[in-house]
1. Among the residues of segment 111-138, which ones are outside any loop (DSSP other than H, G, I, E, B), buried (at least 19 other Cβ atoms within 10 Å of the Cβ) and at pLDDT below 75?
2. Quick one: which residue in A68, A43 is assigned to a loop (DSSP other than H, G, I, E, B), out of contact with any Leu (no Cβ under 7 Å at 6 or more places or on another chain) and either at pLDDT 95 or above or not aromatic (F, W, Y) (or both)?
3. Assuming C111 fulfils every condition listed in (1) touching a helix residue (DSSP H, G or I) at 6+ places or on another chain (Cβ under 6 Å); (2) farther than 15 Å from T47 by Cα apart from one, which condition is it?
4. Surrounded by 21 or more Cβ atoms within 10 Å (Cβ to Cβ), outside any strand (DSSP E or B), of a type outside the set (G, A, S) and touching an Asp or Glu at 6+ places or on another chain (Cβ under 6 Å): does that describe H50?
5. Can you tell me which of P13, P23 is part of a strand (DSSP E or B) and more than 27 Å from S126 (Cα to Cα)?
6. If you check S4 against the conditions, is it small (G, A, S) and either more than 22 Å from S104 (Cβ to Cβ) or buried (at least 17 other Cβ atoms within 10 Å of the Cβ) (or both)?
7. Output the residues belonging to segment 50-90 that are within 14 Å of the chain's Cα centre (by Cα), more than 16 Å from C121 (Cβ to Cβ) and among the small types (G, A, S).
8. In segment 9-32, how many are touching a residue at least 40 places away in the same chain (Cβ under 8 Å), closer than 23 Å to G62 by Cβ and either surrounded by fewer than 16 Cβ atoms within 10 Å (Cβ to Cβ) or among the β-branched types (V, I, T) (or both)?
Amino acid sequence: MKCSIERLGAWLPVPVIALDRLPGRLIGLSMGMFVLIRSDFAADRPTVVHELEHCRQFWRGGLVLHMARYYLSRRYRLRAEVEAFRAELAACSPASRQGRLEESARVLAACYEIGLDEAACRRMLSGDLPATGHAISAELPAHSEPLASQATSPVAARAADISTD
């Protein structure tokens, strides 16, 4: 286990704890006041930035309210993840950005139960479609179910090893 300190803004320290294993296929997990990250991704700056963005959301929305909205509202979960993935993409080198965009769209469509396909996710992540307001209503299926029966919680987490079957 290794620990480093990142900062949100100029004053708020956020411990980033690198562990050899995380549950399921998770590679990073924001716990609001700190971040857990798999050791093999600890040096991947875009992944760390993604999780730090979730820490910002925690502080902005408050623990109970943020967690409740994340689990109960598909629209909120989508906004939170798009915001984090966009921060991640902005932290990528120009040479790796397109590949990371494709991977991020695949992960977002497959792991967060938002009811969108890769193409819609790619459009949101690239900024072609906003992740707020009426654009989401038009893209999301009519029913909106809370996250319920997942073996591994997707809260503020990125998943690895997503198959493209």
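1. Correct list: I136 only.
2. Values: A68 fails: assigned to a loop (DSSP other than H, G, I, E, B).
Going through A68, A43 in turn, the sole match is A43.
3. Of the numbered conditions (1) touching a helix residue (DSSP H, G or I) at 6+ places or on another chain (Cβ under 6 Å); (2) farther than 15 Å from T47 by Cα, the odd one out for C111 is (1).
4. Details: surrounded by 21 or more Cβ atoms within 10 Å (Cβ to Cβ): yes; outside any strand (DSSP E or B): yes; of a type outside the set (G, A, S): yes; touching an Asp or Glu at 6+ places or on another chain (Cβ under 6 Å): yes.
The answer is yes for H50.
5. Every option except P13 fails the conditions.
6. Values: small (G, A, S): yes; either more than 22 Å from S104 (Cβ to Cβ) or buried (at least 17 other Cβ atoms within 10 Å of the Cβ) (or both): yes.
So S4 passes the test.
7. A90, the sole residue that qualifies.
8. 2
The values are calculated or read from the model by the stated rules, or taken from the named source; none is laboratory data. Quantities reported herein were computed from a predicted structural model and do not represent experimental measurements. Reconstructed Cβ throughout: ideal geometry from the backbone, glycine too, with neighbour counts over all protein chains shown.
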